[in-house]
Amino acid sequence: MLDAMTPPLDAAQAPRRQRLLLFALLAVLITLAYANSLGNAFIYADQVLVASNKFIQRLDYLPTLFIADWYEGTDFPMGEKRYRPLASVTLALNYAVSGLYPPPYHVVNLLLHLAVAWMIVLVALELGLSLSSSAVAASIFAVHPLHTEAVTVVAHRTEMMMAFSVLAGLWLAMRGRLWLSVFVYTCGLLSKEQAVVLPGVLLAYDLCMGSVFADARSSGQRLRIAVGRYGGYVLVLGAFLVWRAIVFGGLQPPRAAFHLNPLEYVTGVSWLLSTVKMAGHYLWLWVWPVSLAAGDYSYNAIPLVTSWRDGGLWWAILAWGFLFALSARAFRRDPAVAFCVGLTTVAFLPTSNLLIPLAAPLAERVFYLPSAGLCLLVGVGWERLIRMEMSIRRVGWVLVITICVAFTMRTMLRNQDWASAEALFRSAARAYPTNAKAHALLGDALQNKTARQDWDQALQAYETALHIYPDFITADPLFAHNLGVLYIKLDRNNRAVELLTQVVEVRPQWEMAWFNLGRAYRMREQFALAEAAWRHAVALKPGQAEFHSLLSRFLIEQGRYAEGLTEAQLALQTDPQLLLGHYNEALALEGLGRLEEASASYDRLLALGPPPQALEEVTQRVKNLRAKMR
């Protein structure tokens, strides 16, 4: 059909004109599907990896990105040994252009998604598909709702950069440009570790299509061909693994907690069957992308297999079994089918938990590249369909257009989930009510709001998480910390002290936990303990303006004006625009009788423009001060 969308052209012009038309079509589809994501703020992973990442905020930090963990420059270093320096470089360049203004970051993600969709077209053409069949494959990929996490979340551009490198490296190798393919492979490894699959994908292509080894008459010839074909990738991979081991002091990732990935805590048949069930759920989400959830499908979103009667297990066996049987049957008759299944399988293996344990049993974003193989498989099927009679082709076009429209609408709706943290985790908890982490994250989002009714709902969300996973408090210090902070807001300070004391015992270097423990002690009027906790927080992170400011106010309230002034000035050294810092400085100076200096401090505060609710109080203090000075 696409071949008939343009007027007749000469043989040299037709492919180029039609390819440009197809590129424009993909751009339009992606724009329609993802335009409403451009206004999304930085939430969840973006809040950590973009908004709070100091390593991307100065270009002179760029060399540091190549010797650092993916989370190293953030407020929440995870220690998960993820090496993605090239993706960090793109974030740094984004920051250099637009600061923390989100839309340009989202535009880059959409352009990366368009580039990956176009690579699907080029790979499909190399497989011998027509332009219309390539268009079907790429169009479904472009608007598929399963890809929203990879595309809409700025920090997950790693998936698109990695997928582009694998598909581009494959396409270059198909065309005999091996060394350029190896260079692209290197870039992929520096974007996300899943790019490791490219040599395996290329081997699957060579075995299925059968052209590379066709003329080899002996094992020695096959070996020489293999070395020439794959040697560059092996050398790059070896160098990458050695360098990564040097940077992180080893290759083994740390073990995930049970509530993050329960697959790491089961063994034998139970582990195998549960892992197979998770793999089947990816195929279900690809076929029927209705119930989508944010982040990782941790405990107990998809329950582990405890019985052979588990429906999810049998779906997985039948779905993957069908793909493998289809591949085996087509290996000789229709090698493109076998390759598409091979691409999906090889690309999925590193993230399947079968070979390497991950931080979660399932995450939608990691199926971005494997999905390309399934979309190409649809393109191959379409190639067979267009050879049939016209009535069948018309039905096929109606079906494809209907699917693309439905997927586009679902993607647009899904993008709205990422508009705020509350919307995101309400959606996740609604889609998978037994996901303990989703309820915990919903609690975090609600407790960050200001209304008492939001705090009550946050407590309900936390209690639901605890009902699903009773050991959440002891297993996850962050959960215990956030629940403790909520108890402070709800004036349940005894419980807050209990939880936050437990947290600092487990994470003694976590300055924020000490800071909030001080707040809880202060609410219980245990002033000596509060001061000790706050001073401990300041010692752990001396440059934190908020810590100095709160300690300053506490000391002023105790009548210790000189000490309070010192802390206020330390806060202002870190953040000269800090309103509370100027207010505390003025209060301390006033308490010390240094009225002229206090008046100047109040003037600086007023010049910065305090919020309306504080302006009246500050104005009244200034009037009283001026009266004293007369």
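Conditions tested, residue by residue: (1) out of contact with any Gly (no Cβ under 7 Å at 6 or more places or on another chain); (2) more than 25 Å from Trp70 (Cβ to Cβ); (3) in a loop (DSSP other than H, G, I, E, B).
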position	(1), (2), (3)
Val242	yes, no, no
Val247	yes, no, no
Pro253	yes, no, yes
Phe258	yes, no, yes
Leu263	yes, no, no
Val269	yes, yes, no
Leu272	yes, yes, no
Met278	yes, no, no
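Exactly one residue out of Gly232, Gly188 is assigned by TED's automatic domain parsing to the domain that holds Ala163, within 25 Å of the chain's Cα centre (by Cα) and either loosely packed, with under 15 Cβ neighbours inside 10 Å or assigned to a helix (DSSP H, G or I) (or both), and it is Gly188. The residue that is modelled with the highest pLDDT, among those in the range 304-320 that are of a type in the set (Gly, Ala, Ser) and surrounded by fewer than 12 Cβ atoms within 10 Å (Cβ to Cβ), is Gly311. Set side by side, the residues Leu129, Leu122, Leu170 differ, and just one is assigned to a loop (DSSP other than H, G, I, E, B) and either aliphatic (A, V, I, L, M) or in the same structural domain as Ala226 (by TED's automatic domain parsing) (or both), which is Leu129. Scanning the range 577-630 for residues that are of a type in the set (S, T, N, Q) and within 45 Å of the chain's Cα centre (by Cα) returns Gln577, Asn584, Ser601, Gln613. A single member of Leu374, Leu358 is closer than 24 Å to Thr148 by Cα, buried (at least 19 other Cβ atoms within 10 Å of the Cβ) and out of contact with any helix residue (DSSP H, G or I) (no Cβ under 6 Å at 6 or more places or on another chain), and it is Leu358. Listed by first and then second residue, the pairs linking a residue in the range 579-591 that is polar (S, T, N, Q) to a residue that is surrounded by fewer than 24 Cβ atoms within 10 Å (Cβ to Cβ), with Cβ atoms under 6 Å apart and 6 or more places separating them unless they lie on different chains, are Asn584/Arg553.
Take Gly379 and tell me if it is crowded, with 20+ Cβ neighbours inside 10 Å and of a type outside the set (A, V, I, L, M, F, W, C). Yes; evaluated as a whole, the condition is true for this residue.
Hey, any hits in the range 446-454 for a residue that's among the aliphatic types (A, V, I, L, M), in a helix (DSSP H, G or I) and not assigned by TED's automatic domain parsing to the domain that holds Ile140? Yes, the range 446-454 contains a residue that is among the aliphatic types (A, V, I, L, M), in a helix (DSSP H, G or I) and not assigned by TED's automatic domain parsing to the domain that holds Ile140. I'd like the residue in the range 387-421 that is of a type in the set (S, T, N, Q) and part of a helix (DSSP H, G or I) and, out of all such residues, is surrounded by the fewest Cβ atoms within 10 Å (Cβ to Cβ). This residue is Ser391.
When Tyr185, Tyr230 are checked against the criterion of being at pLDDT below 95 and aromatic (Phe, Trp, Tyr), a single residue qualifies: Tyr230.
Confirm whether Phe515 is in contact with a Leu (Cβ under 8 Å, 6 or more places away or on another chain), surrounded by 15 or more Cβ atoms within 10 Å (Cβ to Cβ) and without any contact (Cβ under 8 Å) to a residue 40 or more places away in the chain. Spelling it out, Phe515 is indeed in contact with a Leu (Cβ under 8 Å, 6 or more places away or on another chain), surrounded by 15 or more Cβ atoms within 10 Å (Cβ to Cβ) and without any contact (Cβ under 8 Å) to a residue 40 or more places away in the chain. Taking the residues in the range 557-588 that are charged (D, E, K, R) and assigned to a helix (DSSP H, G or I) as candidates, determine which candidate is surrounded by the fewest Cβ atoms within 10 Å (Cβ to Cβ). The residue in question is Glu557. Name the residues in the range 607-630 that are surrounded by 16 or more Cβ atoms within 10 Å (Cβ to Cβ) and part of a helix (DSSP H, G or I), would you? Residues satisfying the conditions are Val618, Arg621, Val622, Leu625. Can you confirm whether Thr411 is under 21 Å from Gly295 (Cα atoms), β-branched (Val, Ile, Thr) and touching a Ser or Thr at 6+ places or on another chain (Cβ under 7 Å)? Against the criterion (under 21 Å from Gly295 (Cα atoms), β-branched (Val, Ile, Thr) and touching a Ser or Thr at 6+ places or on another chain (Cβ under 7 Å)), Thr411 qualifies. Taking the range 322-369 as the range and being of a type in the set (Val, Ile, Thr) and assigned to a helix (DSSP H, G or I) as the test, the residues that pass are Val337, Val341, Thr344, Thr345, Val346, Thr351, Val366. Of the residues in the range 46-55, none is in contact with an Asp or Glu (Cβ under 8 Å, 6 or more places away or on another chain), within 25 Å of Asp417 (Cβ to Cβ), touching a residue at least 24 places away in the same chain (Cβ under 8 Å) and among the acidic types (Asp, Glu). Could you tell me whether the range 351-373 includes any residue that is within 20 Å of Trp288 (Cβ to Cβ) and touching a Cys at 6+ places or on another chain (Cβ under 7 Å)? Within the range 351-373 (the criterion being within 20 Å of Trp288 (Cβ to Cβ) and touching a Cys at 6+ places or on another chain (Cβ under 7 Å)), the answer is yes, since at least one residue qualifies. Take the range 197-223 and flag every residue that is under 31 Å from the mean Cα position of the chain (by Cα) and surrounded by fewer than 20 Cβ atoms within 10 Å (Cβ to Cβ). Within the range 197-223, Gly200, Leu203 meet the criteria. Pairs are defined by a Cβ separation below 7 Å, a sequence spacing of at least 6 or placement on different chains, a first member in the range 425-436 that is more than 18 Å from Pro289 (Cβ to Cβ), and a second member that is aromatic (Phe, Trp, Tyr) and buried (at least 17 other Cβ atoms within 10 Å of the Cβ); the pairs so defined are Ala436/Tyr299; Ala436/Tyr469; Ala436/Phe472.
Among the residues of the range 248-270, just one is surrounded by 14 or more Cβ atoms within 10 Å (Cβ to Cβ) and over 23 Å from Ala363 (Cα atoms), namely Phe248.
The values are calculated or read from the model by the stated rules, or taken from the named source; none is laboratory data. The model shown is predicted, which means the values in this text are computed figures rather than measured ones. Ideal geometry is used to build each Cβ from the backbone, glycine not excepted, and the neighbour counts take in all protein chains shown.
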